[in-house]
Amino acid sequence: MSQPRFAYIFAPALYGRLQWFGRLRWFAAGGLAAASLLGPYFGITAVWPSLFIVACVIALYNVLLWQLLRLRKQHVHPFVNLRYIAVGQTAIDLAALMVAVHFTGGIQSPLLPFFAFHMTVGTLMITARTMYILAGASCLGAAAMYLLESRSILQFHPINPGESIEPLSAALSMITLVIALFGIVYLANSVTRSFKERNIELYRTTDQLRERSVELQRALTEISEIEKRKSHYMRISAHQLRSPLGTIKTSLQVLAEGYADPATERGHKLLSGAVERVDTLLETVNDLLELAKIREGILKAPWSRDVMLNQVLADLFDSLGTHADDRNIELVPDFVGVAILDWGVPPDLVHAFENLIYNAIKYSNPGGKVTVQLRIESEAAVIRFIDRGIGISEEYVDQVLLEFVRAPNAKQHAAEGTGLGLAIAKEVIEAHGGRIAVASVAGEGSTFTVTLPLHHVPKQHEPHAKPEKSDA
Amino acid sequence: MSEQEERKTILLVDDDAVFVEAVAAVLEARYTIRTAANGTEALESVAREHPDLIILDVMMDYISEGFDVARKLRMDSATQNIPIIMLTGVDQMYNYRMEVDESWVPSDRYMEKPVAPDKLLAEVEALIG
């Protein structure tokens, strides 16, 4: 929220001030009314009914002011309107005082000092500039009143009947009035200036604090989400490790306690099954370790310059070719252009792409085709791993990249799998500044799209970064 | 009464084929064993023919799949009397009881994996003889 131009006093404080002056105004009206009633007893005739009318007018507009204040309290932008009210009521007060002064002797009125009161009070609520204008207006008003009275255009109402206008003392009073009014505004303003400035600072600081606490709240929520995810992750990891262990132990116990004979077919199944589970366990542990390392920023090798993705993929085609043949899957490269990353870690990229190609092959149907498409689009290498295999159902598409998530149809098609391959690939790609996205239709196949910006610079090699430390 | 007619049927529900093989080795001497690898298969098998006992793993395709299966079976009047042995990890039992509360449907027995063969046999015998 930008700072309003006149944020030298808080809206609630200004509101409080206006209320306080509203209460003082009753005294002013009361005093004027009393003066108008008592004046005649002291021989001051001009004050009745003039001052009484002024008192009534003051009382009336005070009532209006209170109503206005009450309405403003519910208004959406209380501050701007309060400012107008503050200026308005000071101006009206001065006008009322001017009228009262007229009926009590004009420039020779005993009520003149009350101008000073309004100057002081006004400077506390309004800017100095506006107050100078009001001071000037009051002086001009007083001067005009004197001139009109001295020319008898306006009636002169002296306190002492029979008293006449004395030009010299009138002129001196005028000069004193001008000096006093402007001087008071100046003094009051300089005294309150530091107070006003501190208010502006306070206003700014409060605003900043409010923003900070909102940010803090957001950060805390994020952290607790992360903590929740971490412990959820640990629970699942523990289960994934415990499950094969349970099977191994039970299988071996069954054999050891004689429920099955190792020499029989069933016995043999149990023994080799236990060995398989040991392998599963080892794979899971290795994958978990790898995932953890990548997340900590520990990559398989130091960053290299000018990594050619075409070569990385071509090498993978060579090494996975036999595997694909065994499963009667055709592995097809479709490269347009040469993609060279400024910075990359080849072993990790190999592992990530290998996981993706391996998955594509695994979840394809025999006789199927896996296409690896490489394109260069707006300074990024876009690699699409396309298969026409079992696909991923809608509910699982968003989750397959998470750890240990294996869609049910995947489990049916191929019982083995740690569920971590895609999570590892995702981490590697993101470490290279890239993204990975999944599109799939159950029963028709999947496309995994990897986008790698060609000019991504890893954190430790940024120009202004601290001197690099070697990766473990 | 011939031995064949007296043989009770046990449905084993677990996604690990090796584990299923091990448990079958223990129980096949006295019972007929049927198997299922996930919740859907389990419910289909029960619908085809009611087993005398179900041994159910907690986590198969997703975290609390075993509990969902147990709950479905208990809500159905046709199957609510089939005794169930749930195979869980200790923390799963504790945690899921906290999470599930009033939709918690107790099984007859809980056993922690890895399960000792003779203990399992003893529990089965205690439930269905």
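The values are calculated or read from the model by the stated rules, or taken from the named source; none is laboratory data. Remember, it's a predicted structure, so these values are computed and weren't measured experimentally. Glycine gets a Cβ as well: all are built from the backbone with ideal geometry, and neighbour counts include every protein chain shown.
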Query raised in the report: Filter the range A:246-263 for residues that are of a type outside the set (A, V, I, L, M, F, W, C) and assigned to a loop (DSSP other than H, G, I, E, B); which is farthest from the other protein chains (Cβ to nearest Cβ)?
Result: A:262
**Report entry** Scan of the range A:137-165 for residues that are under 21 Å from residue A:44 (Cβ atoms) and loosely packed, with under 15 Cβ neighbours inside 10 Å, ordered by number
**Finding:** A:152, A:155, A:160, A:161, A:162, A:163, A:164
Query raised in the report: Would you pick out the residues in the range B:46-70 that are more than 23 Å from residue A:239 (Cβ to Cβ) and not in a helix (DSSP H, G or I)?
Result: B:49, B:50, B:51, B:52, B:53
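Residues A:462, A:444, A:468, A:416: which one is surrounded by fewer than 18 Cβ atoms within 10 Å (Cβ to Cβ), among the acidic types (Asp, Glu) and at pLDDT 85 or above?
None of the others qualify; the one that does is A:444.
If we scan the range A:278-290, do we find a residue that is within 13 Å of chain B (Cβ to nearest Cβ), surrounded by fewer than 19 Cβ atoms within 10 Å (Cβ to Cβ), over 15 Å from residue A:345 (Cα atoms) and in contact (Cβ under 8 Å) with a residue 24 or more places away in the chain?
Residues of the range A:278-290 within 13 Å of chain B (Cβ to nearest Cβ): A:278-281.
From what is left, the residues that are surrounded by fewer than 19 Cβ atoms within 10 Å (Cβ to Cβ) are A:278-279.
Next cut, over 15 Å from residue A:345 (Cα atoms) only: A:278-279.
Then keep just the ones that are in contact (Cβ under 8 Å) with a residue 24 or more places away in the chain; that gives A:278.
So far as the range A:278-290 goes, yes, one or more of its residues are within 13 Å of chain B (Cβ to nearest Cβ), surrounded by fewer than 19 Cβ atoms within 10 Å (Cβ to Cβ), over 15 Å from residue A:345 (Cα atoms) and in contact (Cβ under 8 Å) with a residue 24 or more places away in the chain.
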Query raised in the report: Based on what the data block shows, is residue A:302 farther than 14 Å from residue B:23 by Cα, within 14 Å of chain B (Cβ to nearest Cβ) and not small (Gly, Ala, Ser)?
Result: no
Requested in this report: Tally the residues that are within 10 Å of chain B (Cβ to nearest Cβ) and acidic (Asp, Glu), restricting the search to the range A:264-277.
Outcome: 1
Query raised in the report: Looking at residue A:44, is it over 25 Å from residue A:85 (Cα atoms) and either among the hydrophobic types (A, V, I, L, M, F, W, C) or buried (at least 19 other Cβ atoms within 10 Å of the Cβ) (or both)?
Result: yes
Report summary line: Only unsatisfied item for residue A:435, checking (1) surrounded by fewer than 18 Cβ atoms within 10 Å (Cβ to Cβ); (2) closer than 22 Å to residue B:38 by Cβ, is (2)
Requested in this report: Grab the helices (runs of 4 or more DSSP H) fully contained in the range A:393-434, keeping just those with 1 or more residues being farther than 17 Å from residue A:353 by Cα.
Outcome: A:394-397, A:408-413
Query raised in the report: Residue check, residue A:366 against (1) in a helix (DSSP H, G or I); (2) surrounded by fewer than 16 Cβ atoms within 10 Å (Cβ to Cβ); (3) over 43 Å from the mean Cα position of the chain (by Cα), all met but one. Which one?
Result: (1)
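Name the one entry in B:43, B:73, B:87 that is buried (at least 16 other Cβ atoms within 10 Å of the Cβ), modelled with pLDDT of 85 or more, part of a strand (DSSP E or B) and not small (Gly, Ala, Ser).
B:87
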Query - Of residues in the range B:17-34 being surrounded by fewer than 20 Cβ atoms within 10 Å (Cβ to Cβ) and among the charged types (D, E, K, R), the one farthest from the other protein chains (Cβ to nearest Cβ) - result: B:34
Report task. At least 1 residues that are among the polar types (S, T, N, Q) and in contact with a helix residue (DSSP H, G or I) (Cβ under 7 Å, 6 or more places away or on another chain) in each: list the strands (runs of 3 or more DSSP E) lying fully within the range A:284-359 that qualify. Result -> A:304-308
Query raised in the report: Here are some residues: A:243, A:237. Which one is more than 9 Å from every other protein chain (Cβ to nearest Cβ), surrounded by 18 or more Cβ atoms within 10 Å (Cβ to Cβ), modelled with pLDDT under 90 and under 30 Å from residue B:88 (Cβ atoms)?
Result: A:237
